[in-house]
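I am attaching a structure below and will ask some questions about it afterwards.
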Amino acid sequence: MPNTKYIFVTGGVSSSLGKGIIAASLAKLLQSSGFSVTIQKLDPYINVDPGTLNPYEHGECFVTNDGAETDLDLGHYERFLNIPTSQANNVTTGRIYQTVINKERRGDYLGKTVQIIPHITNEIKRRIQILGETGDYDIVITEIGGTVGDIESLPYVESVRQLKWDLGRENAIVVHLTLIPYLAAAKELKTKPTQHSVKELMESGVSPDILVCRTEHHIGEDIKRKLALFCNVDKEAIIESIDAETIYDVPNLMMKEGLHTVVMKKLGLKTEEKPILTAWNKFLYNYKNPKETVEIGLVGKYIELQDAYKSILEALEHAGAHNQLRVNIHPIHSEDLNRKNVDEKLKGLHGLVVAPGFGDRGIEGKIIAVRYVREKGIPFLGICLGMQMAVIEYARNVLNLENANSTEMSRGTKHPVIDIMEDQKMVTEKGGTMRLGAWDCRLEKGSKAYAIYGQEIISERHRHRYEFNNDYLKLLEDAGLKATGFNPKTGLVEIVEIEDHPWFVGVQYHPEYKSTVLNPHPLFMAFVKAASLHKEQ
Ligand code: GLN
């Protein structure tokens, strides 16, 4: 049995306090102290995974190498830790119940009443320990989604209580993230909400070992003393988490507060070394000291919600920092774009990203945007649906194939330049049935893509049902839109480029999922560099 240590991260008082960032920052510090660490997210909703959720509901759906559709926090985990996650790193209540109900139907519990305790809680405990049991990790951090006190969170909190008991206090600890609100009128920080949320946890039999306090103002010794006294937590285990300029500052802030030191002490972990954040801090330095700025447009239909395109925004920032460029991102709603206003809306941009998406809302705006940057020689990166829109635009406006479309948008289109994949035709269920996860792609020598990646075979993550229709390959290539990346087994087109355009690349996959702080994605780096070149000219 591997001697894995478990850290549970719970949240109190309010949602959106940034549990994912705290978990990722703590993991970063522990990883930089020499431990192997992974992070898992437990989500208390009934969907089996977030793949069936609208981005307005839940932000972006993050896709792992093994093709799991997961919570966007897994993106933060990968970006911070620079190691891939998998299906085991994200479990929902729906998945837990599905497993238990399948077992019940199979007769595994024959004769017994199936109940939340012990059957659901046992399944939660099993899922929490799966990662530890691989023997790959010294430490597993499990973030419990939602806020303590929610009805939905109860089985998770109960499982944490049991696991703390099963594993022993030196092997499992709870970090509770809470909010210390500031009352401007009274000029005071208030601890009462935190006291109540700790009380709530304690009513479920869990006492937090560490409190991380989100705050707009420094909390000071008095407040720490008060919290320690009323919440039964050591004073050194009250950690301030002040609002930061960027999420990438949080590991340093947590290091200053000594979060990792208290964690290691409580878990009986010894290390002489201080976390080494040299490469991380180099990134931060470049991020904060740009030499130039570039203006990048992001055309999508979920623009109102920052989280809907989280990984794309982060990938652009990573790429910018590594080029010492500040990337100013201009969200542009695809539904607001038309032929008349496109010039006014896109004028002054040095590069344009057209975002992924599903369904026909806003697609004409995307096509108009692609035409604009194609004709003006502005760098373009089309991602998934964005690539498909580029193909449609080229077919319509260069090949003059009137009303060329994707069969996703127009089933009976005369020119289905984008069509449903063969193996998707019989699929009727929506959950987890797309072409998902990492697939190899072979790059054409001499192409822009080949020069950017510097290798012939790459692997990128996918999430789609439709594809470039190879019946139109020759026609499009002869007209100048080249396919430069193919799936070596199926021949599916994964990349298109325009040869006589300064930088025009559409990819069927999602490069954004693989960009991390320490390994920014080559495609995004080349794209921002092209944008900066465009600016100079
Ligand atoms: N809706 C398109 C498809 O299913 C694109 C999906 C995406 O952008 N992720 O092929």
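The values are calculated or read from the model by the stated rules, or taken from the named source; none is laboratory data. It should be emphasised that the depicted structure is a prediction, and the values quoted were computed from it without experimental measurement. Note: ideal-geometry Cβ built from the backbone for every residue, glycine included; neighbour counts use all protein chains shown. To get the accessible areas, we keep the full protein, side chains included, count just its heavy atoms, and leave off ligands, DNA and RNA. Shrake-Rupley method; radii C 1.70, N 1.55, O 1.52, S 1.80 Å.
In whole Å, what are the Cα extents of segment 1-53 along the three principal axes, biggest one first?
The principal-axis extents, from largest down, are 37, 29, 18 Å.
Are there any GluC sites (Glu not before Pro) in segment 336-406 that are in a DSSP loop and have at most 16 other Cβ atoms within 10 Å? List them by number.
Sites meeting the loop and neighbour criteria: E402.
Any idea how far the Cα center of segment 4-38 sits from the one of segment 48-119, in Å?
About 19 Å separates the Cα centre of segment 4-38 from the one of segment 48-119.
Any idea what the relative contact order of segment 105-195 is, in percent, if you count C-alpha pairs under 8 Å spaced at least 6 apart?
18 percent
Cα atoms only, segment 139-257: Rg and Dmax in Å?
My reading of the Cα-based Rg and Dmax gives 14.8, 47 Å.
Taking the alpha-carbon set of segment 432-537, what are its Rg and Dmax in Å?
Using the Cα atoms of segment 432-537, the pair Rg, Dmax is 14.1, 45 Å.
Now a separate question. Just to be sure I understand the curve: with the Debye formula and one point per C-alpha of the chain, what is log10 I(q)/I(0) at q = 0.05, 0.06 Å⁻¹?
Taking Cα atoms of the chain as identical point scatterers yields -0.22, -0.32.
Seen from all sides and averaged, what is the projected area of the convex hull of the Cα atoms in segment 363-496, in nm²?
8.4 nm²
Moving on. List the GluC sites (Glu not before Pro) within segment 429-486 that DSSP assigns to loop and that have no more than 16 neighbouring Cβ atoms inside 10 Å.
E429, E444, E456
Taking H placed 1.01 Å from N in the peptide plane, check which residues at least 5 places from V212 or on another chain put their amide H under 5 Å from its amide H.
For V212, the qualifying residues are H176, L177, T178, I239.
Right, next: What is the dipole size for segment 116-219, taken about its Cα centre, with +1 at each Lys and Arg Cβ and -1 at each Asp and Glu Cβ, in debye to the nearest 20?
Around 360 debye, computed over segment 116-219.
Now for a separate question. Picking from N405, M387, L475, whose Cα lies most toward the positive end of the charge dipole for the chain (charges on Cβ: Lys, Arg +1; Asp, Glu -1)?
After comparing all options, I get M387.
Roll a 1.4 Å probe over the protein chains and send me the accessible area per residue for the chain in Å².
For the chain, the solvent-accessible area averages 43 Å² per residue.
Also, I was wondering about something else. How much accessible area does W439 have with a 1.4 Å probe, in Å² rounded to the nearest 10?
100 Å²
Also, quick follow-up: Give me the Å³ per residue figure for the convex hull around the C-alpha atoms of segment 242-296.
Cα-based convex hull of segment 242-296, divided per residue, equals 108 Å³.
How much of the DSSP beta bridge set in segment 144-251 is antiparallel, as a percent to the nearest 5?
Within segment 144-251, antiparallel bridges account for around 15 percent of the total.
Is it possible to state the helix-based mean residue ellipticity at 222 nm for the chain, with each DSSP H run of 4+ residues giving -39500 (n - 2.57), the sum divided by total residues, to the nearest 500 deg cm²/dmol? What is it?
Rounded to the nearest 500, the figure is -10500 deg cm²/dmol.
Nothing charged except the Cβ atoms of Lys and Arg (+1) and of Asp and Glu (-1): what's the magnitude of the dipole of the chain about its Cα centre? Round to the nearest 20 debye.
Result for the chain is approximately 580 debye, rounded to the nearest 20.
Jot down the radius of gyration and Dmax of segment 65-170, Cα atoms only, both in angstrom.
Taking only Cα atoms of segment 65-170, I get Rg and Dmax of 15.0, 47 Å.
I would also like to ask the following. Which value, in debye to the nearest 20, gives the size of the charge dipole of segment 393-537 about its Cα centre, when Lys and Arg are +1 and Asp and Glu are -1 at the Cβ?
For this selection, approximately 340 debye.
While we're on this one: Across bins of 10 angstrom width beginning at 0, how are the C-alpha pair distances of segment 268-328 distributed, in whole percent?
Binned Cα distances yield the sequence 20, 36, 24, 14, 6, 0.
If you don't mind, another one. Restricting to segment 275-396, compute how many DSSP beta bridges are antiparallel as a %, nearest 5.
Looking only at bridges with both residues in segment 275-396, the antiparallel portion is about 0 percent.
Return a whole-number percent for the relative contact order of the chain, with Cα pairs under 8 Å and 6 or more residues apart as the contact set.
15 percent
Of all DSSP beta bridges in the chain, what percent run antiparallel (nearest 5)?
Antiparallel bridges make up about 30 percent of those DSSP assigns within the chain.
Let me ask you something else. What translational diffusion coefficient, in µm²/s and rounded to a whole number, does the Stokes-Einstein relation yield for segment 369-428 at 25 °C and a viscosity of 0.890 mPa s, taking the hydrodynamic radius as the Kirkwood radius over Cα pairs?
199 µm²/s
A further question on this structure: For segment 1-95, I need the span (max minus min coordinate) of the C-alpha atoms along each principal axis, in Å, sorted largest to smallest.
39, 34, 26 Å, listed from the longest principal axis down.
Another question, then. Can you list residues whose amide H is under 5 Å from V9's amide H, if they're 5+ apart or on another chain and H is modeled 1.01 Å from N?
T142, E143, I144, V175
Loop only by DSSP, 13 or fewer other Cβ within 10 Å of the Cβ. Give me the GluC sites (Glu not before Pro) in segment 192-284 that pass, ordered by residue number.
Within segment 192-284, the qualifying GluC sites (Glu not before Pro) (loop, at most 13 other Cβ atoms within 10 Å) are E216, E245, E272, E273.
Accessible area of the chain with a 1.4 Å probe: how many percent of it is carbon plus sulfur?
Within the chain, the accessible surface is 49 percent carbon and sulfur.
Now for a different question. In the chain, if the dipole is taken from +1 on Lys/Arg beta carbons and -1 on Asp/Glu beta carbons about the Cα centre, which of A321, T261, G351 is farthest to the positive end?
About the Cα centre, the residue reaching furthest to the positive side is T261.
Right, next: Once you list every other residue whose beta carbon is under 11 Å from the beta carbon of F358, what net charge do they have if Lys and Arg are +1 and Asp and Glu are -1?
That sum, taken over residues with Cβ under 11 Å, equals +3.
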